[in-house]
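K.L.:
Attaching a single structure in structure tokens format; questions to follow.
The values are calculated or read from the model by the stated rules, or taken from the named source; none is laboratory data. Fair warning: this is a prediction, and the values are worked out from it, not measured in the lab. Counting neighbours? That spans all protein chains shown, and the Cβs are built from the backbone with ideal geometry, glycine included. The protein model used for the area step is the full one, side chains on, heavy atoms only, and it has no ligands, DNA or RNA in it. Shrake-Rupley method; radii C 1.70, N 1.55, O 1.52, S 1.80 Å.
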Amino acid sequence: QVHLVESGGGLVQPGRSLRLSCAASGIHFRIHEMNWYRQAPGKQRELVASISSSGSPNYVDRVKGRFTISRDNIRSTVDLQMNNLQPEDTAVYYCKVNAFAREFWGQGTQVTVSS
């Protein structure tokens, strides 16, 4: 069974940082692109960042320069370092992988940015 478990969310003030982590199991982790999505209240889920099997990252424009995605193929984890967080970053953040011709999602972790 494929499992993705996110952790690291919380409440932070604007300008502060958080680091999210997603632990994967049930897949040959190193061969898969890994993705972080987020969904704000009343909005569609959007792709925030992805990292290829070779470690190449991609980011949505509004997080470039503030967020960094990384992966550890030994621990089967993918992290999202989020710096200079802003209220508009408030959302539930999800980890996603495409494997076995399906999409698998984690349960999500809440990030709230507020003073």
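K.L.:
Using the heavy atoms of the protein chains alone and a 1.4 angstrom probe, what is the accessible area of the chain per residue in square angstrom?
P.N.:
Ligands and nucleic acids excluded, the figure is 54 Å² per residue.
K.L.:
What's the carbon and sulfur percent of the chain's accessible surface, probe 1.4 angstrom, rounded to a whole number?
P.N.:
Of all accessible area on the chain, carbon and sulfur atoms account for 47 percent.
K.L.:
Sticking with this structure for a sec: Please work out the Cα convex hull volume for the range 51-100 and give it in Å³ per residue.
P.N.:
101 Å³
K.L.:
With springs only between Cα atoms under 10 Å, which of Gln44, Gln81, Gln13 fluctuates most in a Gaussian network model of the chain?
P.N.:
Gln44
K.L.:
A further question follows. How about the range 20-110: which trypsin sites (Lys or Arg not before Pro) there are in a DSSP loop, with at most 14 other Cβ atoms within 10 Å of their Cβ?
P.N.:
In loop regions of the range 20-110 (DSSP not H, G, I, E or B), the sparsely surrounded trypsin sites (Lys or Arg not before Pro) are Lys43, Lys64, Arg75.
K.L.:
For the range 10-24, what does the Karplus curve 6.51 cos²θ - 1.76 cosθ + 1.60, with θ = phi - 60°, yield as ³J(HN,Hα) per residue in whole Hz, taken in order and with x for Gly and Pro?
P.N.:
These are the phi-based 3J(HN,Hα) values: x, 9, 9, 7, x, x, 8, 10, 9, 10, 9, 9, 10, 9, 10 Hz.
K.L.:
Pick from Ala49, Ala23, Ala101 the residue whose mean-square fluctuation is largest in a GNM of the chain, springs joining Cα atoms under 10 Å.
P.N.:
Ala101
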